[in-house]
Structure formats: C-alpha cells, structure tokens
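> Before I ask anything, let me first share the structure, which is written out below as structure tokens.
Computed from the coordinates by the stated procedures, all read-outs in this text should not be read as laboratory data. As the structure is a computational prediction, the values presented were derived from the model and not from experiment. A quick note on method: Cβ atoms are made from the backbone with ideal geometry, for glycine too, and the neighbour counts reach across all protein chains shown.
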C-alpha cells in the first residue's frame, strides 16, 4: 500500500500560521479569550499547531465523536466524550480535521448551541468540495476533491495519523 502526497508538510504549516492570524484578527476586537474545541482524534495535530498561532487566551476543550467505519461514513454519530465546561456567553471555535458530508459537525454545533455561547465558529484543515454540507467554515484550510485522505491526524482504521503531510492511499 502506497500513499500519494496531496498536501506537503510545509504547505500545511504555512496555512496553519495564516489561519491562526485570521482567527486572532477576527476575535481581537470581540474578546481576549476563546474556547477552542478539538474534535478528537483526527483534529489533534491541527489543534496543537493552530493554538500556538492564535494570539489570544485559548481555553482548550476536547470532544470525541465519530461517524466513520474504515473509508465509509456510517451516517450515525457516535459520541465518546463531551465537554464538561460551560459555554454560556463564550466565543467557541470548533477545530475539525475534515468536513465531508458535514453530518458530524452539524450534530456538534446543535449540541453546543444548547449552552448559549456568544458565537460558534468553525475551522477545518480540510474541506471536501464533493458535498453541499451547508456549514459556514469561517476559517477553512485546504479545499480538496472527494478523496479519502490520511495523515496530519486523519486516519484509516487508526493508522497514518502521525504522517506530517496529507495524502491518499493508492
């Protein structure tokens, strides 16, 4: 099994720095603190790099949900862990690895909205163009075709998350 590099490590790091600056610029007149919600496990690499590039106080939070089995989305969102911190009157930034159909993210947003945050914004390092998910990704990374990608946190059956680049299996 071989992996074709789609997005090189240096391009990812450059984009992460750019997104971090955009996030800082967006929030700096609104607040000096945001709650960044890392969607585990896939977003952990992006989250870790991104928060270092945000010039605000960043409160870390983590949720773990899944809707994939291998390469196929199951259509059912499985919740493994949720937030335990109140979000009322807070600015929330959801940090995602990839937006494909958008079903998982819609589920997360709906859940977080129940806690009455001041705002919920989304960043994702990868956004697939194949689906009309209807989600406003305020801080997008790379827009890609409909390929099953691995690396930089993205996995295939828990493997390949540690690759420093994003690629696809050929």
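> What distance in nm separates the two pseudo spin-label positions at residue 1 and residue 60, each 7 Å out from Cα along the beta-carbon direction?
Result: 2.9 nm between the two label points.
> What share of the DSSP beta bridges in the chain is antiparallel, in percent to the nearest 5?
In the chain, DSSP labels about 35 percent of beta bridges as antiparallel.
> Now for a different question. Have a look at 46, 107, 160 and tell me which one the Gaussian network model of the chain (Cα, springs below 10 Å) gives the largest fluctuation.
Fluctuation is largest for 107.
> Send over the per residue convex hull volume for the chain, Cα only, as a whole number of Å³.
103 Å³
> Among 138, 159, 41, whose mean-square fluctuation peaks in a Gaussian network model of the chain (Cα, cutoff 10 Å)?
159
> Still on this structure, please answer the following. What whole-number distance in Å separates the alpha-carbon centres of segment 1-49 and segment 125-143?
Cα centroid of segment 1-49 versus Cα centroid of segment 125-143: 14 Å apart.
> Treat the count of other C-beta atoms within 10 Å as a stand-in for reagent exposure and order 163, 105 from fewest to most.
Going from sparsest to densest Cβ surroundings: 163, 105.
> Under a point spin-label approximation (7 Å from Cα along Cα-to-Cβ), what is the residue 48-residue 28 distance to one decimal in nm?
Taking the two extended label points, one gets 2.8 nm.
> May I pose another question? Using a 10 Å cut-off around each Cβ, can you sort 4, 133, 91 from fewest to most neighbouring Cβ atoms?
Arranged by neighbour count, lowest to highest, 4, 133, 91 become 4, 133, 91.
> Most exposed first by the Cβ proxy, i.e. fewest other Cβ within 10 Å, how do 31, 104 rank?
The fewest-first ordering by Cβ neighbours comes to 31, 104.
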